[in-house]
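The values are calculated or read from the model by the stated rules, or taken from the named source; none is laboratory data. Everything numeric here is computed off the predicted structure, so don't read it as measured data. Every residue, glycine among them, receives a Cβ derived from its backbone with ideal geometry; neighbour counts consider all protein chains shown.
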Amino acid sequence: MELTGRIIAVMAAQSGTSQRTGNTWMSQDYVIEVPGQYPRRCVFRIFGEDRIKQFNIQMNEDLTIQFDIDAHEYQGRWFNDIRAYNVIRGQVAPQPVAGAPVAAPVASPFPPQPEASPFPPAPETATEGSADDLPF
């Protein structure tokens, strides 16, 4: 999955030592705002000191993040974890103008059909001497 937008918050880096392996770890959270009529915000995490330094994400930077979503349970409650694995700079989606169509119409592979009339066609009147002189 991916989101394109502007970084509006850079949180302090967190670090520690794994109780299970004894290795040190580092992660940092960021908030990205996706533009639009109703802007959306998403907190995502970069895990690993090497990736934090490699991506070097700064405030007010426009970028696209590629991420995975996973959930974990802690003391009976569930939490989402959004981890970015790639950052692409220089790709910002244009902001839609209010009232303008969002996407261009797609041509249909089917020929246009005439609109159906809400009324049935008028019956043809029989002329005298026709072979069909039924009253209905």
Review point. In the range 30-39, what count of residues is obtained for those that are farther than 11 Å from I8 by Cα and either modelled with pLDDT of 95 or more or of a type in the set (S, T, Y) (or both)?
Key: 1
Check your understanding: Of everything in the range 1-29 that's closer than 21 Å to N80 by Cα and among the charged types (D, E, K, R), which residue is modelled with the lowest pLDDT?
Key -> E2
Review point. Restricting the search to the range 36-68, which residues are surrounded by 17 or more Cβ atoms within 10 Å (Cβ to Cβ) and among the aromatic types (F, W, Y)?
Key: F44, F55, F67
